[in-house]
1. Given points 7 Å out from each Cα along the Cα-Cβ axis, report the B:Asp6 to B:Arg448 separation in nanometres with one decimal.
2. Would you mind ranking B:Ser54, A:Ser107 by Cβ crowding within 10 Å, fewest neighbours first?
3. Can you work out ³J(HN,Hα) from phi for every residue in the stretch B:402-412, in order, using Karplus 6.51 cos²θ - 1.76 cosθ + 1.60 and θ = phi - 60°, giving whole Hz and x for Gly and Pro?
4. Apply the Karplus curve 6.51 cos²θ - 1.76 cosθ + 1.60, θ = phi - 60°, to the phi angles in the stretch B:604-609 and return the couplings in whole Hz, x for Gly and Pro.
5. Students often get this wrong: which residues of the stretch B:557-576 have the backbone nitrogen under 17 Å from the point 7 angstrom along Cα-to-C-beta of B:Ala456?
6. In terms of modelled amide H atoms, which long-range or inter-chain residues lie less than 5 Å from the amide H of B:Leu605?
7. Order by neighbour count: A:Met42, B:Met254, fewest other Cβ atoms within 10 Å first, most last.
8. Near the amide H of B:Glu584, under 5 Å away, which other amide H atoms are found, from residues 5 or more places off or on another chain, if H is placed in the peptide plane?
Amino acid sequence: MADLDEELARHHGAAFGWALACCRWDRTAAEDVLHTAYLKLMDGRARFDGRAQFRTFLFGVIRRTASEERRHRAIRSALTLAALRQEPAAASIPHTGLDSMILDESSRDLIAALERLSSRQREVLHLVFYQDLTIADAANVLGVSVGSARVHYERGKAQLRRLLGENGNHAE
Amino acid sequence: MQSDDDLRARFHKLADRVSSTTPEFHSVAGTSRGTRSVSRPWYALRRLAVAGASLAAAMLFLAVGLVWGTSTGYASARVQSERERNEIAATAGRVTNQLATLRLELTRTRAGLVELAAKQGASARTSLLAAEAEVDSMTANVARIEHNVSTAGSAPSGAAFAILRAMPVRTALAALSCSPIPPVAPVPRVAALQQGIPVIDLPAATTRAPETFGGILGVRQAPDGKVLVNDARRRQLRLFDSTLTTSVVVRDSMPGSATSYGRLGTPLIPFLGDSSLIAEWNSQTMLLLDPHGQVVRAVDLPGERIFGPINSGYSGIDSKGRIIMRGAILPRRLPPGVTTPPAGGQYPDSLAILRVDLDQRRVDTIGQIRRPVMKLVTEKSSLGKTSTLFTMDPLQSVDEFAVTANGSVAFVRGHDYHIDWLRPDGDTSATPKLPFTWKRRSDADKARLADSVRAAQDALLALGYPMADFVLTQPGDCGNIPAGGSGRSGNANAPPLNPEVLRNCVRFESNIISAPLGVLRSPLPPLAELNRNGAIEDYEAPIRPGSTLADLDGNLWILPRTTMLSRKGELVYDVVNAKGELFERVRLPLGRAIAGFAKGGVVYLTSGDITNGFTLERTKLAPSPVAHRP
């Protein structure tokens, strides 16, 4: 348990960034997803078997947890039973962390451009440029083939360049 | 254009921003290890509560939907009912006016009949009675229509809501609210039926066989439409196509082949499904025929003595494949000194109805029916031949029985015209008296009947009963015995008869003279004085022997002895359904008799005479207006 805590603490910053990316930069959702992912690791529902790097494995758990959370939210919204959810604390958490990022123009443009990409492209670019993973590791995290990850990477990068260029021109 | 390094730098700058706002690991992990771990049971409970709430909400929506839908259905039914009531009221008004006019016309007709009777005297009494009966029938029909119209016009809205009351939604609502479901009141049907019994004219034949028959004793329709006809007099079994146009002889009178009919005409007895039974006289067994008349197998009867009675023409089959038949007629010897000369006996006034179980090979008596007292007189000639004279009283009331299509045995009692039922499950019941126009006999009527019977007897005696001989050759053939030989009178020059032939010949003679044998007897006393033990009954018997038939739709067809509904002499049957309700009367076309039935109201009719042959026709009865025909 001590080793797991150390590993999690060591990758906590990167994990939070990846959780933000998976939650479309919603800090509250990212903290909730990260919390649930840690819970899965600690109670054994997600078990690291050493076949990949721990960081890659952790990112995969966070991505699946985020997907589950989105699915649960969609179901709850469809059933219109959100009022029955007993999460009063969630609504009171302010988006303080995101505010400072939005205040930075460069970061705001990057986030805006990433929002216009497809989710797969956005995730690949985040893993490669933000987390400094290789394309193979990114493919492993996303559960796709390396070839597919490479295509998403190239197309996403071209699209991102174009979007950032447009924003730059508008800014000028 | 930004290079990969530029992109990486921008991402790292974003990472720096994010890292500055990243929450502490222990705050997240600690929450996971502490609060969340402790709250897991509460989390499960919360999910359980959400599921329960979802289920409750779904039930609530379902209940609301049901109530809403029911209310809408009731409203629609109320509007529809209101509209129909208005239409019925308008129609009822018009019909009532028409009925009033019709009733006035009937009253005028009745008055005209009375006036006509006064003018023409008693000679036209019979025709006037028939016309009056027709008027009565029309009056009954008018009353029934008027009753139906008034009932429909004053029907409360509940009639339209009856469907809603019985619908599953209401049952579901009652189940949801745990309230009892009030039963729907049964509709009294028998009383309404007896008020006016419709008289239906059987439609003219739609199909007719081109050839004639010697005498039809059984018609069976196969599932493919082919028709098996038993021509008992010509001893042929013919299979017609569904249009009665062409036929093939399935069993022929020609002896010596495997498909020989046999030497005696015999009835075709309906068996289980579409199969039939027919007698094989040589081996004294019954043959099981398929719908096309092909022999399937031989049916061994439990005992020899039931073979004859089964082929008496009064046998049926119940739902378990048991043969219902009347018992053997065995004469009871009269005490010495009581019999009429030279010797005699008397048949009992009742017959046992037997049930033959072919599987268990047992014969049970299931009932008794009343038959006319019949006496016999036995005479021995100088040749050693014994002649037996059968005589019976035609004026007594008798009982009849028939087996319906559902296996019930109906005993039609002649003394009061009611039916005793023996159901397939063993239950017995009795229906009330069927409506019948009872005619009381006065003393003058009784004397007139006795005189007419005696006159008829004398007339037959004068003719020598030419067609009354019934020859049963068993086991040898004595049908061509030459006249004369010996006896009290006859041709003395004729060659002597072979005594061996005569010993093998059993001859049943209906009366008086056995001319073919050359044995002449002195005339015997007339039948009316010979047989009747008691006085003539006070009322005319409602039915006669052989008057009850069962169709294949579960109904009983009873031919009353007298009816006022026959216009020109047509047969009018009382049709009783399986519940014992006389629900309609069927008037056959003139000169037609029923030869058989098929399912769906199909009736086979026959007409003709012995000289010119009998025809076979098919018609179909229209559905009953009171919808009691299955």
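Any read-out appearing in this document is the output of simple, stated calculations on the displayed coordinates, not a laboratory observation. Computed from a predicted model, the values in this text were never measured in an experiment. For neighbour counting, all protein chains shown are included, and Cβ atoms are generated from backbone atoms with ideal geometry for every residue, glycine included.
1. 13.4
2. Values: B:Ser54 13, A:Ser107 22.
Lowest count first: B:Ser54, A:Ser107.
3. 7, 10, 6, 5, 8, x, 6, 9, 9, 9, 8
4. Per residue, the Karplus-derived 3J(HN,Hα) values read 9, 10, 9, 7, x, 8 Hz.
5. In the stretch B:557-576, the label zone of B:Ala456 (backbone N under 17 Å from the point 7 Å along Cα→Cβ) covers B:560-563.
6. It is B:Ala595, B:Glu617, B:Arg618, B:Thr619, by chain and number.
7. Numbers: A:Met42 18, B:Met254 12.
Ordered from fewest to most neighbouring Cβ atoms within 10 Å, A:Met42, B:Met254 come out as B:Met254, A:Met42.
8. Sorted by chain and number, the residues that satisfy this are B:Val575.
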